[in-house]
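Comments concern the structure below.
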Amino acid sequence: MSHPADTFPERAAVDLFVIGGGVNGCGIARDAAGRGLTVELAEMNDLASATSSASTKLFHGGLRYLEFFEFRLVREALAERERLLRAMPHISWPMRFVLPLDGEMRFAADSPASRLISGFMPWLGGRRPGWMIRAGLFLYDHLGRRGILPGTTTIDLGSDAAGAPLDNRFRRAYEYSDCWVDDSRLVALNARDAAARGARILTRTRVERAERDATGWRVTTRCTETGALRQTRARMLINAAGPWAAEVIRGVAGIDSADGLRLVRGSHIVTRKLFDHDRAYFFQGADGRIVFAIPYEGDFTLIGTTDVDQAAPDPAPVCSEAEADYLCHCASRYFRVPVRRQDIVWRFSGLRPLYDDGAASATAATRDYVLGLDTAGGAPVLSVFGGKITTYRRLAEAALDRIAPFVPGLPGPWTAGAALPGGDFPVDGAPALTRHLLGKYRFLDASWARRLVRAYGTEAEAVLGEAVERDDLGRDFGATLCQREVVWLMTREFARRAEDVVWRRSKLGLRLDAAQIAALDDWMRRQSADRGANSDREAPPRHG
């Protein structure tokens, strides 16, 4: 049903309207709000409900990107790892990766490095000899500045604990550094920090259309819960819709753009814990693709990912049986005990919205980002294509640089040294925070305290408040999730439904059964109804 424009409630004009509540949209909103711009962000589902919660959960330079000669991207990502680690030590931490040496390791067939080596060293038959892998790791260690993360070492798999779960044919490995990150919490904390700096964050709000004139944009949004329509005037539009970016630029904004996306599905499986140490593994499939096996949520192992082209963002991507079998097979080439389909406890999939550079395969498509600026119709619109989670902060800075000519006097970059909420403690300070929490709240056990610190950092005490015993936290939803924490997530982190809490703000869905999740959802829906389903959700309390 259409409505005349003058019947819509209209919000006050803003400088910047951001479409998309993934890591890039929320990162741009935070950066812009911190520079004094007025910002509104609309996300049609929950924050991080698509690509940004379906990553391999790593801040990494992208070791395999070196064979595609993506040196600028790798250098930028490597430099970002420690910068991000310092800003969010509660949701990101250093991780060592074990790369078992296998005589059959090969370059990806369509990589520039493969073609180069085949020309100069045809006797290798496309294989990666150990010395060449070590040379690549040397480059990886030195392309970006390292102050926290240790460099590459060689380990004996016969004596090192990392060799225990591996097949006996693996004798030696290289061990290098990257970082773990809780991707969906990264998005929520960027959104929360943006809101604390004045941004208006609207979840479950779809942008129906955006109409441009010489002075700005008129953006029409619809609340997906109530159907209510609203309009906002904005000087500039940011299209950070991820897999839907091409649809937004053409269908919502009505712009005939030549820029396109290549949607690549990346699937993961989660199994029960496959090894008893805190390091990850770097494996290579028979086809040359890289697969990681990573310690996950204490009692599980995360294995991924795949690269499969998908034609459109809808319907939502799912991990196919063929992809699950592929990941099991790849891991089984390395582990002593084969990984079977019945070992899988969860699987998830996301779409990487890569810039369409015409690459021959999904694996070869660039992971770098492209920012497309259009001013032909008057007011500017900036579209984000591609990118990776590690470079989200730099992408946001680059986006603000592109729109700076339209904002005279725009302050300069500021996010490089700014902690996210709860991240104001040393990189190695999580154990001390956990001990403090255990000392103050005697009803906690060690795993519960660690979970709270890893989720909320220095704000874990604010989540628990003045509780003296467990009952003071209100209703127990299971797996240490209590009412007080859920209220925090609803009022501070934009959570609206149980899935937001158990699969994005946490991964407690791995420990809760269907009945417990349904009970939580029912409780949250009633709480939302009590507050009014159409009330503004964009201004949670400031930090603290």
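The values are calculated or read from the model by the stated rules, or taken from the named source; none is laboratory data. None of these values were measured; they are calculated from a predicted model. Here the Cβ positions follow ideal geometry from the backbone for every residue, glycine too, while neighbour counts run over all protein chains shown. For the accessible areas, the whole protein counts, side chains as well, though only heavy atoms, and no ligand, DNA or RNA atoms are used. Shrake-Rupley method; radii C 1.70, N 1.55, O 1.52, S 1.80 Å.
Here is how the numbers come out for the structure above:
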| quantity | calculated |
| --- | --- |
| In Hz, Karplus ³J(HN,Hα) per residue of the stretch 508-514 (6.51, -1.76, 1.60; θ = phi - 60°; x = Gly, Pro) | 5, x, 6, 10, 9, 8, 4 |
| Interatomic Cα distance distribution for the stretch 384-441, bins of 5 angstrom, percent | 4, 13, 17, 15, 14, 11, 9, 7, 6, 3, 1 |
| Proximal lysines to K440, defined as alpha-carbon separation beneath 30 angstrom and excluding residues fewer than eight positions away on the same chain | K507 |
| Hz values of 3J(HN,Hα) by residue in the stretch 139-151 - Karplus curve (6.51, -1.76, 1.60), Gly and Pro given as x | 4, 4, 5, 10, 5, x, 5, 10, x, 10, 7, x, x |
| For the stretch 170-216, radius of gyration divided by Kirkwood radius, i.e. Rg to Rh on alpha-carbons | 1.33 |
| Principal semi-axes in Å for the stretch 249-289 [√(5λ), Cα gyration tensor, largest first] | 40, 15, 9 |
| Over the stretch 405-544 - Rg/Rh using Cα atoms and the Kirkwood inverse-distance radius | 1.03 |
| As computed over the stretch 442-496, the Cα convex hull volume per residue (Å³) | 83 |
| Cα Rg over Rh - the stretch 186-268, Kirkwood | 1.00 |
| Protein-only accessible surface order, largest first, of Y441, Y326 at 1.4 Å | Y326, Y441 |
| The stretch 262-362 - share of DSSP beta bridges that are antiparallel (%, nearest 5) | 100 |
| Cβ-placed point charges (K, R +1; D, E -1), dipole of the chain about Cα centre in debye, nearest 20 | 640 |
| Positive dipole terminus of the stretch 449-533, leading residue within V501, Q516, T491 (C-beta point charges) | V501 |
| Within the chain, percent of DSSP bridges classed antiparallel, to nearest 5 | 75 |
| Karplus (6.51, -1.76, 1.60) ³J(HN,Hα), θ = phi - 60°, over the stretch 269-278, in Hz, Gly and Pro reported as x | 10, 10, 10, 4, 3, 9, 7, 10, 8, 9 |
| Heavy-atom SASA rank of K440, K388 (probe 1.4 Å, accessible area, largest first) | K440, K388 |
| Charge dipole of the stretch 288-383 about the Cα centre (unit charges at C-beta), most positive-ward option of S383, Q342, P313 | Q342 |
| Share of Cα-Cα pairs in the chain lying beyond 44 Å, as whole percent | 16 |
| Relative packing of peptides 464-471, 137-144, 84-91 - highest average C-beta neighbours within 10 Å first | 84-91, 137-144, 464-471 |
| Mean projection area, nm², convex hull over Cα of the stretch 234-341 | 9.8 |
| Listed residue (F17, A196, W414) projecting farthest to the positive dipole end of the chain, Cβ model | W414 |
| Heavy atoms of Y176: accessible area, 1.4 Å probe, square angstrom to 10 | 0 |
| At 0.890 mPa s and 25 °C, Stokes diffusion of the stretch 293-397 via Kirkwood alpha-carbon radius, µm² per second | 147 |
| Probe 1.4 Å - accessible area at D513, Å² to nearest ten | 80 |
| Cα centre as origin, Lys/Arg/Asp/Glu Cβ charges: the stretch 266-375 dipole, Debye | 600 |
| Burial order of peptide ranges 304-313, 222-231 (average beta-carbon count within 10 Å, highest first) | 304-313, 222-231 |
| The chain, helix-only ellipticity at 222 nm - DSSP H runs n ≥ 4, -39,500 (n - 2.57), divided by all residues, nearest 500 | -8500 deg cm²/dmol |
